[in-house]
Amino acid sequence: MTHPILKSRLYTGLYYLFWLIISFGNYMANYKVFEAPLIVSIVDSLVFNLIYSFFGLAIWYSVRYSQMEKYETTTLILQHLAIVAITILSWLSLGYYSVKIIPYLQSDYMLLFDNSIVWKVINGLLYYALITLVYYVIIYYNHFKEKLIRESELKTSVQKAELNVLRSQINPHFLFNSLNSISALTIKEPSKAREMVSHLSDFLRYSIKEGENKMTLFEKEVDVISNYLAIEKVRFSERMNFVEDYDQNCLGAKLPNMILQPLVENSIKYGVAQNTGKSTISIQAGCFQGFLKVQIENNYDAETKLRKGTGIGLKNISQRMHLIYGRTDLMQISDKDGIFTVTLTFPQVHED
């Protein structure tokens, strides 16, 4: 840890401004209380306070390497008593002989020094106590800042780990479904199976390339969805209809990477796959007041609908939204009259 006063010119200037003010107070005490001559009062005040200012800088190192958490209270008190005794004795000796060597001040100065020796000792003790207290406050403030930084870094690391876990729960789920679809088409329609493999390859290439990015452009997310739907279109053919309505001004908006694809996957799994008739998946997006709003909707046949799944996909998305934005009100779900709707709102905070 660098010296808190010497690390910048501003702090050094303020430090010596403090000693200049103290010097003026001591001069007034010498001149008014101890009735010393004007020149003697000024010289004594400047010399003694200048010397103590250097001692004050050196006290930092004794405080720095004798922190409270390292020693017992008794040991720490004894250390400081020894240091303050040596400091005051050295200070008085240096100050006395520094002023005494000035020839025409000797006679007047001896009287002032004798009269003010107790005053000087009291001042020396107060200076030491004040300087030491300030240094301890600085040390513990810096420790507090470092603790906050470490906690912030730990929180960020935990968030990244949680996000990676959530992604790992989503991607294998999609991969499993896709491979099952390819397997089903391999014998009956090998050309469609090859087409699905090609789309799956493109999709996985994007996942690997963009997987390290927490945020992405809405335009890229739209491309991912289109690629994914191309895979599923081979499987469901005319049974699946896709409708999209995007505000072109929103294509540059940001949102969490790979967050819409699981919703489209759910729409297919619980809508298209379980519907004997034609199903429609609708995606709408608009921008308003610093937010990107995306709505994904699909119809389903309530009579043929199978047992609901674990809901892990929706839970993961909700957790990701909370981890990234720190809010729990950005995801809305509606299930009414055979229409299942999920609405996501993404604040455009201009930060990744």
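The values are calculated or read from the model by the stated rules, or taken from the named source; none is laboratory data. If you're wondering where the values come from, they're calculated on a predicted model, not measured in any experiment. Note that each Cβ is placed from the backbone with ideal geometry, even for glycine, and that neighbours are counted across all protein chains shown.
Here Leu76 qualifies as free of Cβ contacts under 8 Å to residues at least 24 places away in the same chain and within 19 Å of Tyr135 (Cα to Cα). Could we say that Asp301 is among the charged types (D, E, K, R) and modelled with pLDDT of 85 or more here? No, not satisfied.
Looking at the stretch 1-110, what helices (runs of 4 or more DSSP H) fall wholly within it and have at least 3 residues that are closer than 14 Å to Gly124 by Cα and modelled with pLDDT under 90?
none
The one condition from (1) under 21 Å from Pro347 (Cα atoms); (2) free of Cβ contacts under 8 Å to residues at least 24 places away in the same chain that Arg205 does not meet is (1). Annotation: of all residues in the stretch 106-139 being of a type in the set (Phe, Trp, Tyr) and under 33 Å from the mean Cα position of the chain (by Cα), the one that is surrounded by the fewest Cβ atoms within 10 Å (Cβ to Cβ) is Tyr136. Restricted to the stretch 259-303, and to residues there that are surrounded by fewer than 20 Cβ atoms within 10 Å (Cβ to Cβ) and under 33 Å from the mean Cα position of the chain (by Cα), the residue that is nearest to Phe203 (Cα to Cα) is Gln295.
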